[in-house]
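Worksheet: one structure, shown below.
The values are calculated or read from the model by the stated rules, or taken from the named source; none is laboratory data. Because the structure is predicted, anything quoted here is derived from the model rather than measured. These accessible areas exclude ligands, DNA and RNA; they are computed on the full protein's heavy atoms, side chains included. Shrake-Rupley method; radii C 1.70, N 1.55, O 1.52, S 1.80 Å.
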Amino acid sequence: PQQKLEIQHLIMTYHTRAHFGQAQDLYWSGNKSPAKLSTWLEGPVFAQILQMYRDKTAGPVMGLAETAAVIAGSPASIRSVCRDFALGLGLAFQIIDDVHDFAKNPNWTKMRGDDLAEGKLTYVITKALKKLDEKNRERLMEMLCRKRSLSLKEDERREGVELVRKSGVLSECCVEAQNFFTRAWKRLS
């Protein structure tokens with residue numbers, strides 16, 4: 001009975017976190033303007049995006065890891081390490097998913113530039129906005145902030161993808177994702 005209660009608590013906790021993360025994603029996607037985006041870029045936007053990823057993407061994986069530890073009867077120290085590994089894995093997964101949205105990989109099933117076309121404020125897009133020169137940053141911001149009813153044409157989508165690629169952030173984000181995973185794996189192993 002104690003395990004069942006603990007598992008129910010974990011389910012509620014991590015499902016709630018996932019919903020908060022999704023709500024943050026929807027808020028940013030639906031409430032952007034170039035002025036707001038400029039203000040957000042001046043603040044702790046990277047930490048906020050990583051928190052959204054912790055909740056939305058890593059949260060359910062963390063919940064599963066903790067649930068498995070509860071079922072196995074693991075001590076709190078093992079449970080903590082499993083949760084931390086799931087966090088690192090979830091963050092790495094989401095950042096790599098963001099990178100793939102702009103990568104030239106024929107095995108990737110998503111259409112390139114989907115996040116940009118949907119107006120999502122992702123880690124990769126935000127890093128690109130910070131690194132691009134003013135003219136290119138303004139152009140990318142205009143595409144990102146466009147009302148979804150005025151969706152990007154195919155040539156604009158390609159242009160946006162090339163702006164992100166040109167910023168040089170894709171390899172940098174891959175390294176960051178690898179570091180999240182490596183640190184978590186090191187502790188777990």
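Distance distribution P(r), segment 1-42, all Cα-Cα pairs, bin width 10 angstrom from 0: 26, 29, 21, 15, 9, 1 percent. Which of the lysines could be linked to Lys131 by a straight reach, that is with a Cα gap under 17 Å, when you skip same-chain ones fewer than 8 residues away? Reachable lysines: Lys166. Using heavy atoms of the protein chains and a probe of 1.4 Å, the accessible area assigned to Thr126 is about 0 Å². For segment 98-158 and segment 34-60, compute the distance between their C-alpha centroids and round to whole Å. The distance from the Cα centre of segment 98-158 to that of segment 34-60 comes to 16 Å.
The figure for Ile11 is an accessible area of roughly 80 square angstrom, using a 1.4 Å probe on the protein chains alone.
The angle between the Cα long axis of helix 2-30 and the main principal axis of the chain comes to about 10°, on a 0 to 90 degree scale. Rounded, prolate or oblate, given the Cα gyration tensor of segment 104-189, with a/c below 1.5 counting as rounded? Judged from the Cα gyration tensor, segment 104-189 comes out prolate (a/c at least 1.5, a/b above b/c). Axis of helix 59-72 versus longest Cα principal axis of the chain: the two differ by about 10°, to the nearest ten degrees. With bins 10 Å wide beginning at 0, the percent of Cα pairs of segment 14-146 falling in each bin runs 12, 36, 31, 15, 5, 1.
Scaled against 2.2 N^0.38 Å for its residue count N, the alpha carbon radius of gyration of segment 62-129 is 1.51.
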